[in-house]
Structure formats: C-alpha cells, structure tokens
Amino acid sequence: MKPYKPSKMVNWFEPGMLFQTGLRSVVSALFGNYADRRETEAALSPLSDEGWEEYQKEYAGRQEIWIDYICDTGDGFNPTFSVASLAAQKDLKVHLPDDSEKILPRGKLLLLGGDQVYPTPAGGLYKQKFSIPFQSALPENSVKDDIPHLYAIPGNHDWYDGLSGFLKLFCQQRMIGNWQTKQPRSYFARPLPNNYWIWATDIQLNEDIDKPQLDYFLEIATNHMQPNSKVILITAEPAWIYKELVKDDTSYDRFRFFIDFYITGFKVNDVKRGYQIATIITGDLHHYSHYCTDDSGLEANHYFGAGGGGAFLHLTHNLPQKLNKVKQNLKLHATFPDRAQSYKLLTGNLLFFIKNRYFSALLGGIYLLFFWLLRSSDSSTLSFSCQHSFANFSIYLGNVLINTPFLSVLSISLIAGFWKFTDTTSYARGVQWFGALHGLLQCISIYAMIWLMAQLPCLHTTFGIAAFLIMLVAAGGIWGGFIMGIYLFLSNILFGNHINEASSSLACEDYKCFLKLHINQEGLTIYPIGIKKATKKWSIVNYANGVSIKGELPEIHLIEKPVFIKSN
C-alpha cells in the first residue's frame, strides 16, 4: 500500500492540466447528452423504492434537525480537510454578534452541493482528494448513535467521467467514514421537520433538468407534500449571478421555470398548492455570498452561495451589488472575503510568474523556440543583435519576418492565441482590443528579450551561447508570466472580466466556508461559518486499513449574523 500523500491545490495554469481539463470538458459536452446516466438512474430506482417511511421517521418526525452544507471540495488537502474536520465535530462553538456563545451540533444530514473533486474524477482522485479526507475527519464507528447521513449532487467536474465515479461513491448506500450515504440517484427530495423539504437537483453539464428528474419532483409535489410546504432548494450553480454577469446566459430562465412550475406555482387539478421557497443554496463560485430582499420571512428570497469547501478561492469584488436582471430586487447582503480583502488578494496576480511557474516555463520555452526559428532563418541573428542598437535590430527583424512566412504566421498566431484567450462572456465592452494588445505585447517582448540577452558581455566566451539560452528562457518565462499577471489584474479591475482566471491563478486555500442549517418550529436559521486560514500542518499516519490525520482545527467565525427565516 502506497503511503497517503496530501494533495496540493490544482495548478490550473499548468500546461498539462489545461490540456487535460479542456479535453475532458469537450468530450463531456459532446457525449454527455448521449450517455445521460440520469435516465438509467430513474429506471433502476423507482420512486416507490425510496423508503419514505424511513425518511419520515429519521427526518420529518423530529422536533428539529441540524444540517451541514459543504460545496466545491476535494481540491487541496489543507482546505478540504479543514472544512471536513469542522463539519465532523459533535459540537462547534461560535461567537454571536452580541458576544454570547452558541453550540452548533453536528448535522444529522451532510449535504454536498456539487464538484466533490478537482480537476476531474479520473485516476482515483475521488479516493485521494475526497474519501480519505472525509473518512479521516469522521472515522467509521466514531459515532455510535444517530449516525449522520450524507447526500450529494454533482457539479460539472463530477460529470467529466459521465457520472460513473459519483454514482459508485454516493449512490450505493456506502459508508464514507461514519457518514452513511442514502441516495439511489444524483438528485433527491427529502422531508424535514415542520413541513420543510429539501429539493436537490442535478443540472448536468448544460444547466438541464432532464424529463425523468422532472417527473420525480412532480411525483413528490403531487403525492408526498402538504399544502404550504417550504422548500430548501439546492442547485449546482448560482444562475441568478450568472444572469447578471454572463452574456447570453439562459440557465436562470430554466432555473426560474422549474421554481415557478414545480414549487411556487405548482397546481393539482388547477388548484394551487402554495409551496414556498424557504431559501436557495448553491456553490460553483468558491466563496460566500448572500443576496436577499429582506432580513426575515419567506418573502425575503434568500439566495446563498457557499462554495468554500476546499477549491481555490473566487474573489468577491466582481459580484454585482444588485441583481437587476432577475427582477426580484435582490441586493448583496454579505460576502466572504469582503470587497477590500478581495481587492487585496487580486494583487497576487502581479506574482503570477511565481505562483504559476509551469506556465511561465512554457512561455520561456516559446521564447527559445522563436529564437531558434529566427536563427534558422538567418545565422547572423545573434552577432547582429549584439552589435547594433534595438532600433537597427527592429529594422533587421522586419526584413527577416517579411522573408520568412512561417515565422510571420507563428508570430501572428501567438498574438491571436492571447487575443482568443480574452474573456468575452461578460457584459464588459472593449475587452477584445485589450486582449489583442496583450498578445502584441507578448510577441514584441520575445524579440526584445532576444536582443536584450544578446547584450550579455560573456556572449563570445566558451560558455556564452549556453548562458544566453539559459538567460533567455529564464528571463522570458519571468517577464512573460509577469505580463500575463498584469493582464489578468488590469482586465479584472478595469473591465470586471477573467473572474475565473484571475482567481484560479492565485490557488488560494484560505477564506473557506460552509453552512449550518437549523430547522425547528419557529423556522429556519442559517449559520454561515467562515475560515480565514486553513490549517497547514497535520500529523498523518498511514496504517493497514486507512489513514489517521490529526491537527489543530482552524479558527472559525460567523461571516454574518445568523440568518433567521421565519416559518409562515
């Protein structure tokens, strides 16, 4: 048995990672609709076999229930295990705004809101990045009575293998540590105390809820729910935010149709049942956000984003203060990190060449390739460069490019590649010219660096050529990476785009979060738990049947005061 080695944060700008993830994304998008596992799930697991008597006894029959919600986990070990360890605690002490303390019990239910592994489920990564950390956080047999149950919905990363790994791990009633998985399919509905329900949807890769899934929720709404039931809706992405930020987004329209037809506007024989939305919870954006129209009551429309389970931090300063396009008067109530912290973290892109050294190394290799092609076109390139000014070198370079079509096409292709990289999905205007400018600057920098390195005094010594090549690759990688970081920083702060890239480049394992939900006769209370610093030092012991991991729990705080939603 190989010893367990904790995973580092995914380096999304590593060339191999970019190719692998891009390929899997394309393959999944092409074949996902032709191999939709949800249809098979529905055929093999009829609703009548779901064990409703057990759910009524285990969940709905209680006077109150506690629920933990974690989303976007299974990336770096430090943040994943930090969050899992906190959710595993029997009691968690938090300080309330009035300086009093409150003990929050471990949830009877642990809900996972999507993307349980990064970057893909391939190669046993579910076990490496998710199962072992969660098993170690709450070891088997550590809870003797009232064993907590675990439910999960998939995100796009879970779908990259066609949902095979997800179904094996979460849909076969297995134990993950001392959490008991209970679902037969990738979506579910469960009754809770005081006429509350959880509905959790699987939107696959295309924000699509398939027909068998719609039939499932239709059956639940028709035959299992009472009038005035209150629904806690779990979905895999914040369609309300994407509606505001992303051009041509249609996910919110489908999301809204599902709510209007199957929940708030649901009718049986033309008689309205009057189901209500208690709250909507999601992840996908790896931070905490809370949009609402009021501070209390079901009419408040509380929308929570809590994707801080272990993946890289998404910065929050780009979040709109008001969601005008969803027409519900939703305003941003709280974020974690806050805007000031987020802007400060964004400046980390100025060190892009250090944080993303493999991508910088690739850029250094491109500098070397262009020099080799330039010298192949004219063997006097190096000697000419060291003997003439940059102005003369520029004239010389123009002549070479005119007479070397391949090098000219490659230079244009490089500019076009960086231009194509430009994020054009946002509503910001004028960003394409900025992407083209970035590409042009990268291309000019290559030739300028060749001339600059040719000025080395040792160029004509025995080791001069070797020193030139090494310095060209090193300086090119650093400078090219620095330009990339400057581009991401300015694009984000000036135009509000490249939200994913300007965040993933930081690979920040801090500023994590999860939710604790409490339902009683008075209503629903949501406690947003913030973790400013993930624990970095753990004691890991491998033994024959598993792994034991110990360490200090990270400090926690309430991101905002508990959100109470009164039961109407």
Within the range 178-211, residues within 13 Å of G51 (Cβ to Cβ), crowded, with 23+ Cβ neighbours inside 10 Å and of a type in the set (D, E, K, R) come out as R190
Margin query: When you check K108 against the structure, is it of a type in the set (K, R) and buried (at least 18 other Cβ atoms within 10 Å of the Cβ), yes or no?
Written below: yes
Residues of the range 124-181 being touching a Gly at 6+ places or on another chain (Cβ under 7 Å), in a loop (DSSP other than H, G, I, E, B) and under 22 Å from L553 (Cα atoms), in sequence order, are L138, P139, E140, P148
Going through (1) free of Cβ contacts under 8 Å to residues at least 60 places away in the same chain; (2) assigned to a helix (DSSP H, G or I) one by one, S289 fails only at (2)
(Q) Condition first: basic (K, R), in a helix (DSSP H, G or I) and not assigned by TED's automatic domain parsing to the domain that holds K344. Can you find one or more residues in the range 424-433 that meet it? (A) no
For the range 80-109, pairs from a residue that is in the same structural domain as C513 (by TED's automatic domain parsing) and without any contact (Cβ under 8 Å) to a residue 60 or more places away in the chain to a residue that is outside any helix (DSSP H, G or I) and small (G, A, S), with Cβ under 7 Å and 6 or more apart or across chains, are none
Per the filter on the range 488-547, residues of a type outside the set (A, V, I, L, M, F, W, C), in a strand (DSSP E or B) and under 15 Å from Y288 (Cβ atoms) are K512, K516, Y527, P528, G530
Of the candidates E552, E522, the one satisfying the condition of being within 27 Å of E64 (Cα to Cα), assigned by TED's automatic domain parsing to the domain that holds L109, over 23 Å from the mean Cα position of the chain (by Cα) and not hydroxyl-bearing (S, T, Y) is E522
Among K550, K561, K536, K532, the single one that is farther than 30 Å from K127 by Cα and surrounded by fewer than 18 Cβ atoms within 10 Å (Cβ to Cβ) is K561
Would you be able to say whether some residue in the range 310-323 is more than 19 Å from the chain's Cα centre (by Cα) and either closer than 25 Å to V117 by Cβ or not basic (K, R) (or both)? yes
Scanning the range 233-248 for residues that are assigned to a helix (DSSP H, G or I) and either touching a Pro at 6+ places or on another chain (Cβ under 6 Å) or on the phi > 0 side of the Ramachandran plot (or both) gives E244
By residue number, the members of the range 82-115 that are assigned to a loop (DSSP other than H, G, I, E, B) and touching a Leu at 6+ places or on another chain (Cβ under 8 Å) are Q89, L96, P97, R106, G107
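Go through the range 214-226 residue by residue and tally those that are of a type outside the set (A, V, I, L, M, F, W, C), surrounded by fewer than 24 Cβ atoms within 10 Å (Cβ to Cβ) and either touching a Phe, Trp or Tyr at 6+ places or on another chain (Cβ under 8 Å) or not assigned by TED's automatic domain parsing to the domain that holds Y160 (or both).
Applying the first criterion (of a type outside the set (A, V, I, L, M, F, W, C)) to the range 214-226 yields 215-216, 219, 222-224, 226.
Pick out the ones that are also surrounded by fewer than 24 Cβ atoms within 10 Å (Cβ to Cβ) and you get 215, 219, 222-224, 226.
From what's left, either touching a Phe, Trp or Tyr at 6+ places or on another chain (Cβ under 8 Å) or not assigned by TED's automatic domain parsing to the domain that holds Y160 (or both): 224.
Going through the range 214-226 one residue at a time, the tally reaches 1.
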Within the range 239-265, residues among the aromatic types (F, W, Y) and either touching a strand residue (DSSP E or B) at 6+ places or on another chain (Cβ under 7 Å) or crowded, with 23+ Cβ neighbours inside 10 Å (or both) come out as W240, F255
Residue pairs qualifying under the 6 Å Cβ cut-off, at least six apart or on distinct chains, with the first in the range 149-177 being over 13 Å from A122 (Cβ atoms) and surrounded by fewer than 22 Cβ atoms within 10 Å (Cβ to Cβ) and the second being modelled with pLDDT of 90 or more and basic (K, R), are H149/K182
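Evaluate the following for L506: is it crowded, with 22+ Cβ neighbours inside 10 Å, more than 30 Å from the chain's Cα centre (by Cα) and not hydroxyl-bearing (S, T, Y)? Don't jump to the end; show me each part of the working.
Details: crowded, with 22+ Cβ neighbours inside 10 Å: yes; more than 30 Å from the chain's Cα centre (by Cα): no; not hydroxyl-bearing (S, T, Y): yes.
Spelling it out, it is not the case that L506 is crowded, with 22+ Cβ neighbours inside 10 Å, more than 30 Å from the chain's Cα centre (by Cα) and not hydroxyl-bearing (S, T, Y).
Quick grid of which residues meet (1) at pLDDT 85 or above; (2) within 30 Å of N497 (Cβ to Cβ):
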{"position": "R357", "(1), (2)": "yes, yes"}
{"position": "S380", "(1), (2)": "no, no"}
{"position": "I395", "(1), (2)": "yes, no"}
{"position": "F406", "(1), (2)": "yes, no"}
{"position": "L410", "(1), (2)": "yes, yes"}
{"position": "Y427", "(1), (2)": "no, yes"}
{"position": "H438", "(1), (2)": "yes, yes"}
{"position": "S445", "(1), (2)": "yes, yes"}
{"position": "T461", "(1), (2)": "no, no"}
Reported set for the range 397-413 where residues are within 44 Å of the chain's Cα centre (by Cα) and more than 13 Å from W372 (Cβ to Cβ) is L401, P405, S408, V409, S411, I412, S413
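The values are calculated or read from the model by the stated rules, or taken from the named source; none is laboratory data. The structure displayed is predicted, hence computed values, not measured ones. Quick reminder, even Gly has a Cβ in these numbers, built from the backbone with ideal geometry, and neighbours come from all protein chains shown.
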